[in-house]
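First the structure, in the form of structure tokens, and then the observations on it.
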Amino acid sequence: SIAHAADRALVIEEELDHALQNDEFELYYQPEVSADGKRLLGVEALIRWQHSKRGLLGPDEFIPIAEGLHLIQPIGQWVLDNALAQVPGWRQIGWKDARVSVNLSSNQFRAPGFTDAVLRSLARLGLTGDCLELEVTERMLMGDDAAMLASLSALRQAGITLAIDDFGTGFSSLSRLRTLPIEKLKIDQSFILELPNSLSSVAIVNSILELAQGLSLTAVAEGVETKEQRQCLESLGCRAMQGFLFAHPMPAAAF
Ligand code: C2E
Ligand code: MG
Ligand code: MG
């Protein structure tokens, strides 16, 4: 019920602060692979909350609540620092061009000083921008906010890859895609889910792939679960994929 949901949100709100102090968050990692599943192209960090009473909670259960409070900044910073901290180890064991992808929240991205905080996190670990990808949504890119545009180009300048997550679900102006320093589109899983039988989904995915190619952007299909979806994507020319077919998100040690 709505009342129950509101109660739960209130409890979670009180507990989030405590969770940060007590180290209850954990990052899971899901690989992004080549269409044949053989090459590791990158990895996405996905937050989990190991709650003492409720067990493992997914981001949808607490990120929107954290975002409403001002807790999204410290949580976002925690995610960034912990994801980046994995990179040196991966490089040491032979993944030479290891790159980790981090999801951003709107309020985190818009906060003054966000770009500097990212650059400082990299510098603390002696890393350069090529080991980091930041995922934003179409909604976060709307408007002509000069600060936002400056932030994007500073991140890009530092060699960080900028990706649009859940692409196709917002209403991006296609002409703006050309002017923003975006390099990658992650095709929303809702379209992948309906492949290969839904003609409209095939048409949408095909259009996004053509758009990406025309603008020299990388395209990644999200939420690939079946061989049929993989095959269909491959036949449409999609070269990078992520999804349960290849691997579920998993703790750092398992990854
Ligand atoms: P997202 O970035 O689009 O991540 C993809 C979501 O789909 C993840 O859910 C992932 O576990 C799930 N997924 C991956 N492959 C498959 C598949 O084959 N089938 C299906 N059905 N699902 C698949 P998760 O981990 O629950 O994350 C949900 C959303 O929460 C993410 O969507 C992202 O927007 C947000 N999120 C995750 N971690 C963070 C974080 O550290 N910070 C912020 N601000 N948001 C985060
Ligand atoms: Mg993502
Ligand atoms: Mg997504």
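Would you be able to tell me the number of residues in the stretch 168-194 that are under 17 Å from residue 243 (Cβ atoms) and either more than 16 Å from ligand 3 (Cβ to nearest atom) or in a helix (DSSP H, G or I) (or both)?
Total meeting the criteria: 5.
Just need a number here: residues in the stretch 109-167 that are among the polar types (S, T, N, Q) and either assigned to a strand (DSSP E or B) or within 15 Å of ligand 3 (Cβ to nearest atom) (or both).
2
Looking only at the stretch 22-43, which residues are of a type in the set (D, E, K, R), surrounded by 13 or more Cβ atoms within 10 Å (Cβ to Cβ) and within 23 Å of residue 130 (Cα to Cα)?
32
Could you tell me whether residue 86 is assigned to a helix (DSSP H, G or I) and within 14 Å of ligand 2 (Cβ to nearest atom)?
It is false that residue 86 is assigned to a helix (DSSP H, G or I) and within 14 Å of ligand 2 (Cβ to nearest atom).
Return the residue satisfying two criteria in turn: it lies in the stretch 38-67 and is without any contact (Cβ under 8 Å) to a residue 12 or more places away in the chain and in a helix (DSSP H, G or I), and of such residues it is nearest to ligand 3 (Cβ to nearest atom).
Looking at residues that are without any contact (Cβ under 8 Å) to a residue 12 or more places away in the chain and in a helix (DSSP H, G or I), I get 60.
Cβ contacts < 7 Å: first residue within 17 Å of residue 149 (Cβ to Cβ) and touching a residue at least 40 places away in the same chain (Cβ under 8 Å), restricted to the stretch 110-123; second residue polar (S, T, N, Q) and buried (at least 16 other Cβ atoms within 10 Å of the Cβ), any location; separation 6+ or different chain. Result?
Once the first residue is within 17 Å of residue 149 (Cβ to Cβ) and touching a residue at least 40 places away in the same chain (Cβ under 8 Å) and sits in the stretch 110-123, its partners that are polar (S, T, N, Q) and buried (at least 16 other Cβ atoms within 10 Å of the Cβ) give 115/151.
Sort through 10, 46 and tell me the only one that's surrounded by fewer than 18 Cβ atoms within 10 Å (Cβ to Cβ) and of a type in the set (A, V, I, L, M).
Step by step, each of 10, 46 is checked, and only 10 is surrounded by fewer than 18 Cβ atoms within 10 Å (Cβ to Cβ) and of a type in the set (A, V, I, L, M).
Bear in mind these aren't lab numbers, they're just calculated from the coordinates by the rules spelled out. What you are looking at is a predicted structure, and each value in this text was computed from that prediction instead of being measured. Please note: Cβ atoms are built from the backbone with ideal geometry, for glycine as well, and neighbour counts cover all protein chains shown.
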